[in-house]
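Following: one structure in structure tokens, then a few remarks.
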Amino acid sequence: NAGVTQTPKFRVLKTGQSMTLLCAQDMNHEYMYWYRQDPGMGLRLIHYSVGEGTTAKGEVPDGYNVSRLKKQNFLLGLESAAPSQTSVYFCASRNPGTYTDTQYFGPGTRLTVL
Amino acid sequence: AQKVTQAQTEISVVEKEDVTLDCVYETRDTTYYLFWYKQPPSGELVFLIRRNSFDEQNEISGRYSWNFQKSTSSFNFTITASQVVDSAVYFCALSGDNTDKLIFGTGTRLQVFP
């Protein structure tokens, strides 16, 4: 049981390049989330999904797209990376309405955009 | 609007000292949940506790204890007899009754010196 995994762990992009971050969870959780963490600002929600095939915007969605084609995977895409998207990205999953209803986080992806 | 304030940006203590991390929250929801997460230097986010708004009992888990007071909208975290391994950034977070999102504070960096 790996929990929540994220691929890749590190990535360096040039401005304008695109990439996709993959989040996978093996806990059969319904809900999944993408956050970004910037110094001094805590974690901020980018997008989230309450089930396979659904997505919704969070607090800071601009410049990102997401897809949840399979229940266990949640993809975060950057179509044209900008230096302002340099950050650490965390994925989380959650099973609502259960005794252990809380968000469990992956190890993070450190992205640098030059 | 929901908000979490962690006014202490950084705290330094010497091993074996007790330390309290403050968390003040704002919400209009009658049902809500409060969380604490630990982020050690390795970067992952570790879930510590989840507390719902109807349960004001203090909780103790080993050297950790939490003091939830609705009257002051606070959910403070105390580490007794701190250890070097407690050095980390600690985040307080809030989620509402009908929302799926975690609102994080900006974190408190705790440094425990030997």
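Quick note: the coordinates plus some simple rules give every number you see, no bench work behind them. Predicted model, so just to flag it, every value in this text is computed and none were measured. Every residue, glycine as well, gets a Cβ built from its backbone with ideal geometry; the counts of neighbours run over all protein chains shown.
Within the set A:K57/B:K101; A:K9/B:K101; A:K9/A:K70, which residue pairs have Cα atoms separated by over 19 Å? Long pairs (Cα-Cα over 19 Å): A:K9/B:K101; A:K9/A:K70.
Please identify every one of the trypsin sites (Lys or Arg not before Pro) in the stretch A:32-103 that sits in a loop by DSSP and has no more than 13 other beta carbons within 10 Å of its own beta carbon.
Details: sites: A:R36, A:R44, A:K57, A:R68, A:K70, A:K71, A:R94; in loops: A:R68, A:K70, A:K71.
Sites meeting the loop and neighbour criteria: A:K70.
Across the stretch B:7-21, computed HN-Hα scalar couplings (Karplus, 6.51 cos²θ - 1.76 cosθ + 1.60, θ = phi - 60°) run 6, 7, 6, 8, 10, 10, 9, 9, 3, 5, 6, 8, 9, 10, 9 Hz from first to last residue, x flagging Gly and Pro. Restricting the stretch A:25-105 to GluC sites (Glu not before Pro) that sit in a DSSP loop and have at most 14 other Cβ atoms within 10 Å of their own Cβ leaves A:E52, A:E59, A:E79.
Specify the longest stretch of chain B that does not include any exposed loop site, a site being one of the trypsin sites (Lys or Arg not before Pro) with a non-H, G, I, E, B DSSP assignment and at most 15 other Cβ atoms within 10 Å. Maximal segment without exposed cleavage sites: B:64-114.
Sparsely packed loop sites in the stretch B:35-110 (the chymotrypsin sites (Phe, Trp or Tyr not before Pro) outside DSSP H, G, I, E and B with at most 10 other Cβ atoms within 10 Å) comprise B:F54. Once divided by 2.2 N^0.38 Å, the Cα radius of gyration of chain B becomes 1.03. Tell me, how many Å apart are the Cα centres for the stretch B:35-58 and for the stretch A:51-92? For the stretch B:35-58 versus the stretch A:51-92, the Cα centre distance is 24 Å.
With the alpha-carbon atoms of the protein assembly as shown aligned to their principal axes, the span from lowest to highest coordinate is 48, 39, 35 Å, starting with the largest. With a cut-off of 8 Å between alpha carbons and a minimum separation of six or more residues, what is the relative contact order of the stretch A:1-94 in percent? The normalised contact order for the stretch A:1-94 reaches 35 percent.
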